[in-house]
Amino acid sequence: MTIVRSEDHTDVAPSNAMSAAVSAPRTEWAENTPLTNMTDADFLLTARALTKKVTSPEGELTILDDVSLSVRRGETAAVVGPSGAGKSTLLALLAGLDEPTTGQVWLGDEELTALDEDGRARLRNRQVGFIFQSFHLLPSLTALENVLLPLELSGVDHEAERARKALTRVGLDTRLHHYPRQLSGGEKQRVAIARAFVTEPALLFADEPTGNLDNKTGERIMNLLFELNAAAETTLVLVTHEVAAANRCHRVFELEAGCLVNSTSNPPTPRH
Ligand SMILES: Nc1ncnc2c1ncn2[C@@H]1O[C@H](COP(=O)(O)OP(=O)(O)OP(=O)(O)O)[C@@H](O)[C@H]1O
Ligand SMILES: [Mg+2]
């Protein structure tokens, strides 16, 4: 893995980039990359100067500080860093589940941060799958019904068959009619994974998707995510503590105390 300091990396946009006027290809972030050039089809996800502040009893807390990154269509990216570094916060902002205090996010050529909540939900429904660290399954729905839900929202055909297939791919074909309370932690996680990829999203976010799984199941699920990337060109943004999984990704973004401290590019091969 080649380590590149964030200040040297082409993806970490310098703060004066937005005011410059010279056109430069977005594949190489140049100091003078203008904001209007940030929507090349090549980039599926772009974040510019994301900051998230929250108010706590101790006063104002900056949990994400001036984070800029971009991910190309079809790439895999890992977000790594210690507990509390801001990984889940960053993912929620990138997926439009939460709003930054300042900064912008683009999905393709649509600025997510310019949309209201309904607009973001519509865009997510079309393009984004999200595997939450804490699953977020609906307790009153069975495994199958949880996976069916996003398909019903997007009005696709043969949804029951697709939902069954997705649950079979995560090894839960014998748990279709179980409610979340009747599933183990790892099984719940696998339902959440099936629900996230069943719509074949262009962009799939996964927040520690194998955190609750034993090694063997975890490896199988990780392989499945990389298979989705390889077969369907699903762009994958993954929070993980696993070095092996991060090493499989094209890019690694390292957060520390809310700051992007390293941006790494792995060689394109070997892929597993
Ligand atoms: N709504 C909030 N109000 C106050 N503090 C918050 C809020 N959301 C997150 N934080 C704090 O921001 C920091 C980053 O949280 P986040 O969940 O993004 O960390 P993380 O890197 O995903 O950690 P982990 O690896 O443990 O999941 C933490 O210290 C957390 O306590
Ligand atoms: Mg987290």
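Listing for the model above:
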read-out: Length added when fully stretched, GLU219-ASP42, from 0.36 nm per residue minus Cα-Cα; value: 60.8 nm
read-out: Prolate/oblate/rounded call for the stretch 101-191, Cα gyration tensor, a/c under 1.5 rounded; value: prolate
read-out: Over 31 Å (Cα to Cα) - which of LYS53/LYS165; LYS87/LYS216; LYS87/LYS188 fall in this group; value: LYS53/LYS165
read-out: Residues of the stretch 118-146 with amide N under 15 Å of the 7 Å Cα→Cβ point at HIS241; value: 133-134
read-out: Around GLY218: net Lys/Arg minus Asp/Glu count, Cβ-Cβ under 11 Å; value: -1
read-out: Calculated FRET efficiency for the pair LEU141/SER83, C-beta based, R₀ 30 Å, to 0.05; value: 0.45
read-out: Range of Cα positions in the stretch 128-254 per principal axis (Å), largest first; value: 37, 29, 20
read-out: ARG181 paired with GLU117, simple spin-label distance in nm, labels 7 Å along Cα-to-beta-carbon; value: 2.8
read-out: Under 12 Å, Cβ to Cβ, from ARG175 - net charge with Lys/Arg +1 and Asp/Glu -1; value: +1
read-out: Derived scalar couplings ³J(HN,Hα) [the stretch 92-102; Karplus, 6.51 cos²θ - 1.76 cosθ + 1.60; whole Hz; x for Gly, Pro]; value: 4, 5, 5, 8, x, 7, 9, 9, x, 6, 9
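Every number in this text was worked out from the coordinates using simple rules, so none of it is lab data. Quick caveat: nothing in here was measured; it's all calculated off a predicted structure. Please note: Cβ atoms are built from the backbone with ideal geometry, for glycine as well, and neighbour counts cover all protein chains shown.
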